[in-house]
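Student: Input: one structure, supplied below.
The values are calculated or read from the model by the stated rules, or taken from the named source; none is laboratory data. Values in this document were obtained by computation on a predicted structure and should not be read as measured data. Every residue, glycine as well, gets a Cβ built from its backbone with ideal geometry; the counts of neighbours run over all protein chains shown. With ligands, DNA and RNA removed, areas are computed over all heavy atoms of the protein, side chains included. Shrake-Rupley method; radii C 1.70, N 1.55, O 1.52, S 1.80 Å.
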Amino acid sequence: MQPKDFSNLFDLSGKVALITGATGIQGPRIARGLAAHGADIVAVDVDAETTARLADELENEYGVRALGVRGDVSDPTSVRDMVAKAVDKLGGIHILHNNAQSKTKNPEDYFRPLEEFDFEVWRQVMSVSLDGMFLVAQAVGKQMVAQGSGGSIVQTASTYGIVGPDFRIYEGSEYMGLRITTPVPYAAAKGAVVQLTRYLATYWADNGIRVNTLVPGGIESGQNETFKANYSARVPLGRMAHVDEMVGAVVFLASNASSYMTGQMLVVDGGWTAW
């Protein structure tokens, strides 16, 4: 028996990957990870100039085709347009990283305590972090069904979508000069994303479309030293995640390396949820 070659399991050559929230904290690194494995990239975010710049960088750095698209995931018309542009320019969509989320226009409103949280702010967050997830998955899944060749959808949730927040870590904690906590709509939306993933995974299984959830732990991204120390003390590995540590997980879920995996959570949290 000849030895089998497993070296191509992560090869994404000939695939088109659409990434929402492409210019946020994780988006550019995920885009580079997918491009490094051969995928052409459609980078979607609300700022046209930033997405266009990211697309140029990807083409220059990795030699893939890349398209920057301004898109508002909370707007059904915008979502349909961005999918149409991706198909028109790059020929289809085979991978979706459903990654966009919203804080709020006023960050202070986002971090208000539960008892004072404004319902309009709740709706603003949900319009992107949950409604947008549905709209993008719906539109891209429909395209994947029409293509008839399957696909992989990777949705971003959070550890706070599967366990309750540990509010002790927020005492004295700040982010960009603001006192922070875990806002209630953030946790509620991320929990809903996990269940949306399960629904979509069973719904599209007959079409060969796999749907899984990336569940990141806290990523170091400008929090003050108090927060980083408090958070790290709560993690078995003793630190926050670095932004690049989500890249391998998304590449795995997008590729044939995870071909028998759907409806599942891939938790990358340094052991936070093991305690």
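Residues checked against (1) over 20 Å from Met265 (Cβ atoms); (2) within 21 Å of the chain's Cα centre (by Cα):
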{"position": "Val87", "(1), (2)": "yes, yes"}
{"position": "Leu96", "(1), (2)": "no, yes"}
{"position": "Ser102", "(1), (2)": "yes, yes"}
{"position": "Glu108", "(1), (2)": "yes, no"}
{"position": "Phe119", "(1), (2)": "yes, no"}
{"position": "Ser127", "(1), (2)": "yes, yes"}
{"position": "Phe134", "(1), (2)": "no, yes"}
{"position": "Ser149", "(1), (2)": "yes, no"}
{"position": "Gln155", "(1), (2)": "no, yes"}
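Student: Moving to a separate point now. The conditions are (1) under 25 Å from Gly217 (Cβ atoms); (2) open to solvent by less than 20 Å² (accessible area, probe 1.4 Å), and Met82 fails exactly one of them. Which is it?
Tutor: (1)
Student: Of all residues in the stretch 28-62, count the ones that are hydrophobic (A, V, I, L, M, F, W, C), open to solvent by 10 Å² or more (accessible area, probe 1.4 Å) and farther than 19 Å from Val83 by Cα.
Tutor: The number of residues fulfilling the criteria is 1.
Student: Considering (1) β-branched (Val, Ile, Thr); (2) more than 23 Å from Ala257 (Cα to Cα); (3) assigned to a helix (DSSP H, G or I), say which one Ile25 fails and leave the rest.
Tutor: (3)
Student: Moving on to the next point. Scan the stretch 55-73 and give yes if some residue there is of a type in the set (A, V, I, L, M) and within 27 Å of Ala187 (Cα to Cα), otherwise no.
Tutor: Residues of the stretch 55-73 of a type in the set (A, V, I, L, M): 55, 58, 64, 66-67, 69, 73.
Restricting the remaining residues to those that are within 27 Å of Ala187 (Cα to Cα) gives 73.
Yes: one or more hits.
Student: So is Ala257 in a helix (DSSP H, G or I) and buried (at least 17 other Cβ atoms within 10 Å of the Cβ) or not? Break it down into steps so the answer makes sense when it comes.
Tutor: Values: in a helix (DSSP H, G or I): yes; buried (at least 17 other Cβ atoms within 10 Å of the Cβ): no.
Considered against the rule, which asks whether it is in a helix (DSSP H, G or I) and buried (at least 17 other Cβ atoms within 10 Å of the Cβ), Ala257 comes out as no.
Student: Which one of these is crowded, with 20+ Cβ neighbours inside 10 Å, of a type in the set (Val, Ile, Thr) and under 25 Å from Val44 (Cβ atoms): Val154, Val145?
Tutor: Val154
Student: Okay, moving on. Checking Val193 against (1) touching a residue at least 24 places away in the same chain (Cβ under 8 Å); (2) among the hydrophobic types (A, V, I, L, M, F, W, C); (3) open to solvent by 20 Å² or more (accessible area, probe 1.4 Å), which test does it fail?
Tutor: (3)
Student: Identify, from the list Ser221, Ser232, the residue that is surrounded by 14 or more Cβ atoms within 10 Å (Cβ to Cβ) and in a loop (DSSP other than H, G, I, E, B). So that I can check it myself, show each step before the final result.
Tutor: Values: Ser232 fails: in a loop (DSSP other than H, G, I, E, B).
One residue alone meets the criteria, Ser221.
Student: Looking only at residues that are assigned to a helix (DSSP H, G or I) and either touching a residue at least 12 places away in the same chain (Cβ under 8 Å) or among the β-branched types (Val, Ile, Thr) (or both) in the stretch 82-105, which one is farthest from Gln155 (Cα to Cα)? Outline the logic, then answer.
Tutor: Filtering the stretch 82-105 down to residues assigned to a helix (DSSP H, G or I) leaves 82-90.
From what is left, the residues that are either touching a residue at least 12 places away in the same chain (Cβ under 8 Å) or among the β-branched types (Val, Ile, Thr) (or both) are 82-83, 85-87, 89-90.
Values: Met82: 18, Val83: 17, Lys85: 21, Ala86: 19, Val87: 20, Lys89: 24, Leu90: 22 Å.
It comes out as Lys89.
Student: Based on what the data block shows, is Phe6 open to solvent by 80 Å² or more (accessible area, probe 1.4 Å), within 25 Å of Ala249 (Cα to Cα) and free of Cβ contacts under 8 Å to residues at least 24 places away in the same chain?
Tutor: Taking the combined requirement at face value, the residue satisfies it.
Student: If Pro113 satisfies every condition in (1) surrounded by fewer than 16 Cβ atoms within 10 Å (Cβ to Cβ); (2) modelled with pLDDT of 95 or more; (3) in contact with a Ser or Thr (Cβ under 8 Å, 6 or more places away or on another chain) but one, which is the exception?
Tutor: (2)
Student: In the stretch 178-196, is there at least one residue being more than 14 Å from the chain's Cα centre (by Cα) and farther than 19 Å from Val125 by Cα?
Tutor: no
Student: Filter the stretch 28-72 down to the residues that are aliphatic (A, V, I, L, M) and part of a loop (DSSP other than H, G, I, E, B), then identify the one that is nearest to Gly218 (Cα to Cα).
Tutor: Going residue by residue through the stretch 28-72, those that are aliphatic (A, V, I, L, M) are 30-31, 34-36, 39, 41-44, 46, 48, 52, 54-55, 58, 64, 66-67, 69.
If we keep only those that are part of a loop (DSSP other than H, G, I, E, B) too, we end up with 39, 46, 64.
Values: Ala39: 27, Val46: 24, Val64: 31 Å.
This residue is Val46.
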